[in-house]
Structure formats: C-alpha cells, structure tokens
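*Asks:* The structure is given below, and queries will be raised subsequently.
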Amino acid sequence: MNKLFFELRVLAIATILLVVPATDVLSQTIARSVLILNTYDGGQELFSRTTEDFMRELQRQFSEPIAFYTLNLDARWTEPKREELAAQLLRDHYADRLPDMVFTVGVPPIRFWNKYRDSIAAQAPLIALTQEGVLRPELLRSGDIARITRLSFSAVMDNLLLLRPDTSRVVMVFGSTPLERAVAARARQELEAYSEQLSIEFTNDMTQSELQTRLGGLSEESAVYYGLYVTDADGVNPRDSGLSLTRLASAVPIFGTFDHQLGEGIVGGRLVQLQQISVDAAEAGAAILRGEAVGETWKLFELGTPVYDWRELNRWGIDIDRLPAGSEIRFRPLSLWEQYSAWIILAIAVVVAQGLLIATLLTQRRLRHAAELAQKKLSGKLINAYEDERRSIARELHDDLSHRLARLAIDAGLIGRNPDSDALDQELKNLRQELASTSEAVHDISYRLHPSLVEDLGISTALRTECERVQKYTDASIKVQIGAIPERIPKDAALCAYRVIQEALNNAVRHAEADNIEILLDKEGQTLKLEVLDDGRGFIEAQ
C-alpha cells in the first residue's frame with residue numbers, strides 16, 4: 001500500500017501543472033481557481049490542445065486572474081486504489097478552499113468525477129466536454145454544463161470512399177489502453193455495415209515496429225484511419241505523437257476525426273470541431289465565474305463542414321472534383337500574384353505617389369524660389385527708394401533749415417547783450433531757448449529719417465540708442481534684451497527691424513500710454529526674431 005501510494009504521488013506530481021496569469025503571485029491574490037481533469041498526460045496532443053484552448057479563452061473572457069490546477073488522469077490507470085489516491089490528493093489540495101469550477105475532458109475524468117465528486121467539491125459547477133453516449137443529461141447537477149461531441153465513424157468511412165472509391169482495405173489505428181480499446185470496439189460495431197465492401201483491420205495489439213511495418217506495406221487500394229494511439233501493445237508511448245508515427249510510416253492516405261489533426265497528416269473531411277467546442281465551453285465557464293446565467297446547459301455539436309488539406313490531396317493524387325460541395329481547402333499554395341498582389345499594388349501606388357509628390361515639390365520649389373527672388377528684389381527696391389527719399393529730406397533739413405535756425409539763435413543772442421529794457425531781454429532770452437530747442441528737434445528728425453547708426457555701428461547699438469532717446473521723453477520703463485546677434489547682418493533686414501522697433505516705441509508711448517515696454521531681439525537659426533511687448537491700451541472695436 002505504501003509503495004503504491006508513493007508511486008502515485010510521484011506520478012501525480014509529475015502530471016500536475018499549476019498555471020497562473022503572468023502576474024506576481026506573491027503580491028496578488030488569485031480571484032478564481034479552476035480544476036481541470038484531463039485524459040492521459042499532457043503530451044497527448046488531442047487532449048492537451050483542447051485543454052489549452054479552454055484555458056486561454058477562459059482567461060481572455062474573464063478579466064480577473066485564474067489559477068488552473070490540472071490533474072491528468074491517465075487512462076491506463078485501472079486499479080481502484082490508484083483512483084482513490086488521486087481523489088485523496090484533490091481532497092488535500094482543496095481542504096482550505098474549494099475550486100470555483102471543474103472542467104473535464106474525455107471519458108475517464110467524467111467517470112472519476114461522478115464517483116468522487118461528493119467527497120472533493122460537491123457544489124463546484126462542472127463543465128464536461130465529452131463524446132456522445134457517455135454522459136446522460138440527468139447526471140448533471142444544478143449549475144453544471146455539458147458540451148457533447150458527435151463522433152461518427154460511418155461519416156469518416158463515407159468520406160474516405162467518396163474520395164477513393166477503389167479502396168478495399170482500411171487500417172484503423174488505435175492503441176492498447178482500455179479507453180482506446182473501448183473506442184475501437186465502438187468503431188467495429190458502427191462499421192459492420194461496411195464489412196462486405198471493405199476489409200477493416202484494427203491495430204490495438206500491435207507494437208510500434210509492427211504498426212510501422214504494417215502501414216508501410218499497404219497496397220494502393222488501402223487507406224488508414226487514425227483514431228487514437230497513446231501506447232502500443234507493449235505499453236510504450238510513441239516518441240513524438242501517434243499521428244506523427246502513423247504519417248511517417250504510412251504508404252497510403254490517412255483520414256482522421258478531429259480538427260486539430262488537419263495540417264498534421266490527415267486528408268480531411270467532416271471533422272469534430274474541438275477548438276470551437278473549447279471556446280464555447282470557455283464562454284460558458286466565464287459566465288459561471290461572473291455569476292451569470294448560461295443559456296444552454298446541454299449542447300450537442302455536430303460534425304463541421306468538410307475541410308481538406310491541399311497538400312495531402314496533392315500528395316495522394318486525390319481529384320479535387322470529388323470533394324463534397326461547399327468543401328473548404330486549406331494550405332493551398334498561392335500563386336505569385338495571389339501571394340504578393342497587395343504588396344505589388346502597394347509598391348506601384350507608392351512609386352506613383354512618390355513620383356507625383358517629387359514632381360509637385362520640384363514645381364513648388366521652383367515657383368517659391370522665383371517668388372522669393374521677386375519679393376526680395378521688390379522689397380529691396382522699396383526700401384532703397386524709401387530711404388533715398390528720407391535721406392534727401394534729412395539732408396535738406398540738416399543743411400538748410402538747421403543752419404538758418406542756428407543763425408537766428410546767434411542773432412537773438414547778440415540782441416540780448418544790449419537790451420533796452422528788462423522785458424526785451426527776457427523775450428530775447430526765451431527766443432534763444434526756443435530756437436535752440438527747434439534746432440535740436442530738427443536734428444532729431446534728421447536722425448529718425450535716416451539712422452546712420454544702423455549702418456555704422458549695427459542694429460544692437462542703434463536699438464539701444466533709440467531706446468535711450470525715447471526714454472528722455474517718457475516716464476515709461478523701457479527694457480531691452482538683445483541676444484547673440486551677428487555683427488554683420490543684411491542691411492535690409494537690420495533697417496527693417498529698426499523701423500519696426502522705432503514705430504512700435506512711438507505707438508506704445510504716444511498712443512497706448514504704456515507704463516512698461518520690453519524689446520526682445522534674438523537669433524533663431526537663420527531667422528532674426530523681434531518682439532515688442534507693452535502693457536498699454538489696445539484698439540476698441542466698433543460695435
């Protein structure tokens with residue numbers, strides 16, 4: 001007894017897998033736990049893929065973390081003592097907290113759970129995925145869900161004979177476990193109607209080497225049906241999978257039952273849609289975990305529409321015209337155009353678009369360059385004409401009016417030296433001051449009309465000088481910030497900037513009545529940046 005218990009503990013530890021989402025288990029409490037009872041061990045592709053599809057879809061449908069505790073009930077275990085020890089393992093595991101749901105895949109888990117359910121987790125809702133004829137609706141308890149697959153060997157045989165009507169022998173590949181023998185027995189019974197037309201042979205009692213020899217020696221009028229091959233007659237598991245072993249050994253086409261097998265060696269036909277069933281079961285499971293009602297507790301899934309592997313059809317020379325109407329053909333190699341048509345069209349469209357874009361950009365560049373040259377030329381002419389006019393006026397004011405006013409100031413000074421009376425002396429004194437002020441004003445006008453400082457000393461010095469000049473006539477605070485301005489900038493740009501500042505200062509002082517004026521002059525890349533800020537009054541829009 002102790003030896004048996006130790007043996008089962010080792011096997012159970014090796015076959016139990018605890019899967020949680022990609023989160024820190026130590027820092028996050030698992031919201032839900034699901035017990036999965038599987039058939040055979042995780043290496044059997046048929047059962048492991050079904051379980052993986054269910055787990056993946058359930059976690060996607062349910063937003064909270066889920067802990068999956070998987071116990072693979074090896075169908076080779078037939079002793080009641082082993083089953084009891086497996087049940088005790090689950091009792092120990094769920095002693096503190098019962099599972100929120102139980103999911104069973106295959107026949108042995110259904111029988112195991114029906115036997116030990118009350119002693120492990122009687123109230124945990126069950127989602128059973130099994131084949132037709134194993135579970136009766138009345139065995140389901142409140143909250144349980146059943147998803148039933150219809151397995152039809154006659155449908156497989158009809159499909160085989162439709163595609164290869166000359167077939168006279170069919171080898172049915174099954175292993176030696178009790179489950180495989182039970183399924184093979186069902187196949188024998190269902191295929192008795194074909195006994196006069198076909199010679200049907202089962203491989204339950206063959207070793208792997210005997211199976212390979214038998215499959216490799218089949219004649220052209222033969223075919224192979226792959227059912228389930230877990231262990232051979234000696235109890236040895238195939239190195240990879242039973243289907244892989246069968247495909248490598250067989251000299252004739254292979255037919256199968258499940259959608260997972262398509263693409264791995266079978267020709268195809270009306271297959272059991274295990275992936276669809278797993279997704280449907282996961283949707284029902286997510287509803288159970290959310291506390292929602294499930295629409296159908298008992299659901300039977302018929303065989304899917306015919307689907308075939310183009311590679312196997314081509315390999316065995318099966319005429320596509322023999323396929324049933326509405327059949328789907330997968331893995332067909334695409335023609336060069338079918339495979340890359342979208343990329344070819346996209347490449348052509350890109351080339352055409354780039355050509356049009358380049359032509360447009362070149363045209364715009366040429367037009368823009370011509371417009372910039374014309375604008376620059378026109379701006380230069382306007383500025384030169386404007387400055388020529390101002391220079392002429394400045395010369396006239398400075399050389400004529402200023403000199404004459406200066407002489408008047410001198411004459412008035414001479415008259416003031418020999419006054420006839422105190423009143424006349426005062427008048428002459430006022431006249432002299434007024435004439436001196438007028439002369440200074442004329443000088444200022446001359447400077448503003450043609451600021452030679454811009455040409456002689458640069459925009460920075462001219463800007464500061466203008467601000468100092470304006471500051472004499474106003475109580476406003478004038479601040480100047482000048483950045484790293486090059487010593488030499490284009491004459492037109494410097495003169496334009498100076499005129500803008502001059503006009504802005506005049507507007508801020510005379511019209512806006514600003515208290516604070518700030519002037520910023522800096523260089524950004526190849527651009528001269530100028531800002532004049534004041535807190536004066538703005539314009540009032542007419543209503």
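The values are calculated or read from the model by the stated rules, or taken from the named source; none is laboratory data. Here the structure is a predicted model, which means the values were calculated and not measured. We place every Cβ from the backbone using ideal geometry, glycine too, and count neighbours over all the protein chains shown. Calculation scope for accessible area: heavy atoms of the full protein, side chains included, ligands and nucleic acids excluded. Shrake-Rupley method; radii C 1.70, N 1.55, O 1.52, S 1.80 Å.
*Asks:* For the range 467-483, give me each residue that is farther than 16 Å from residue 531 by Cβ and not hydroxyl-bearing (Ser, Thr, Tyr).
*Replies:* 468, 469, 470, 471, 472, 475, 476, listed by residue number.
*Asks:* Test of understanding: among 292, 283, 264, which residue is among the acidic types (Asp, Glu), open to solvent by 70 Å² or more (accessible area, probe 1.4 Å) and in contact (Cβ under 8 Å) with a residue 12 or more places away in the chain?
*Replies:* 283
*Asks:* Which residues, counting only those in the range 181-218, are of a type in the set (A, V, I, L, M), buried (at least 20 other Cβ atoms within 10 Å of the Cβ) and free of Cβ contacts under 8 Å to residues at least 40 places away in the same chain?
*Replies:* Passing the criteria: 206, 211.
*Asks:* Exactly one of these conditions fails for residue 151: (1) in a loop (DSSP other than H, G, I, E, B); (2) open to solvent by 30 Å² or more (accessible area, probe 1.4 Å); (3) touching a residue at least 12 places away in the same chain (Cβ under 8 Å). Give me its number.
*Replies:* Among (1) in a loop (DSSP other than H, G, I, E, B); (2) open to solvent by 30 Å² or more (accessible area, probe 1.4 Å); (3) touching a residue at least 12 places away in the same chain (Cβ under 8 Å), the lone unmet condition for residue 151 is (2).
*Asks:* Hey, can you tell me all the residues within the range 247-276 that are acidic (Asp, Glu) and touching a strand residue (DSSP E or B) at 6+ places or on another chain (Cβ under 7 Å)?
*Replies:* The one that is acidic (Asp, Glu) and touching a strand residue (DSSP E or B) at 6+ places or on another chain (Cβ under 7 Å): 259.
*Asks:* So which residues in the range 224-237 are open to solvent by 50 Å² or more (accessible area, probe 1.4 Å) and not aliphatic (A, V, I, L, M)?
*Replies:* Selection gives 234, 237.
*Asks:* Name the pairs whose Cβ atoms lie under 9 Å apart, with the first residue in the range 311-330 and on the phi < 0 side of the Ramachandran plot, the second open to solvent by less than 80 Å² (accessible area, probe 1.4 Å) and hydroxyl-bearing (Ser, Thr, Tyr), and 6 or more positions between them or separate chains?
*Replies:* Every condition considered, the pairs that remain are 318/308; 320/308; 320/327; 323/308; 327/308; 328/308; 329/308; 330/308.
*Asks:* Tell me, yes or no, whether the range 128-147 has at least one residue that is among the polar types (S, T, N, Q) and assigned to a helix (DSSP H, G or I).
*Replies:* no
*Asks:* Within the range 312-331, take every residue that is in a helix (DSSP H, G or I) and under 21 Å from residue 260 (Cβ atoms) and give me the one that is most open to solvent (accessible area, probe 1.4 Å).
*Replies:* 315
*Asks:* Determine whether residue 334 is touching a helix residue (DSSP H, G or I) at 6+ places or on another chain (Cβ under 9 Å), in a loop (DSSP other than H, G, I, E, B) and exposed (fewer than 10 other Cβ atoms within 10 Å of the Cβ).
*Replies:* It is true that residue 334 is touching a helix residue (DSSP H, G or I) at 6+ places or on another chain (Cβ under 9 Å), in a loop (DSSP other than H, G, I, E, B) and exposed (fewer than 10 other Cβ atoms within 10 Å of the Cβ).
*Asks:* Before we move on, is residue 134 closer than 22 Å to residue 182 by Cβ, open to solvent by less than 20 Å² (accessible area, probe 1.4 Å) and hydrophobic (A, V, I, L, M, F, W, C)?
*Replies:* no
*Asks:* For residue 501, are the conditions met, namely being more than 25 Å from residue 383 (Cα to Cα), β-branched (Val, Ile, Thr) and either in contact with a strand residue (DSSP E or B) (Cβ under 7 Å, 6 or more places away or on another chain) or open to solvent by 80 Å² or more (accessible area, probe 1.4 Å) (or both)?
*Replies:* no
*Asks:* Residues 364, 339: which one is out of contact with any Lys or Arg (no Cβ under 7 Å at 6 or more places or on another chain), modelled with pLDDT of 85 or more and assigned to a helix (DSSP H, G or I)?
*Replies:* 364
*Asks:* Quick check: is even one residue across the range 162-173 under 48 Å from the mean Cα position of the chain (by Cα) and in a helix (DSSP H, G or I)?
*Replies:* Looking for residues that are under 48 Å from the mean Cα position of the chain (by Cα) and in a helix (DSSP H, G or I), one finds at least one in the range 162-173, hence yes.
*Asks:* Quick check on this structure: which one of 359, 342, 353, 347 is more than 30 Å from residue 219 (Cα to Cα), more than 31 Å from the chain's Cα centre (by Cα) and open to solvent by less than 100 Å² (accessible area, probe 1.4 Å)?
*Replies:* 359
*Asks:* So is residue 221 without any contact (Cβ under 8 Å) to a residue 24 or more places away in the chain and exposed (fewer than 15 other Cβ atoms within 10 Å of the Cβ) or not?
*Replies:* Against the criterion (without any contact (Cβ under 8 Å) to a residue 24 or more places away in the chain and exposed (fewer than 15 other Cβ atoms within 10 Å of the Cβ)), residue 221 does not qualify.
Conditions tested, residue by residue: (1) part of a loop (DSSP other than H, G, I, E, B); (2) over 41 Å from the mean Cα position of the chain (by Cα); (3) surrounded by 17 or more Cβ atoms within 10 Å (Cβ to Cβ); (4) modelled with pLDDT under 90.
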site	(1), (2), (3), (4)
42	yes, no, no, yes
48	no, no, yes, yes
54	no, no, yes, no
63	yes, no, no, yes
78	yes, yes, no, yes
85	no, yes, yes, yes
92	no, yes, no, no
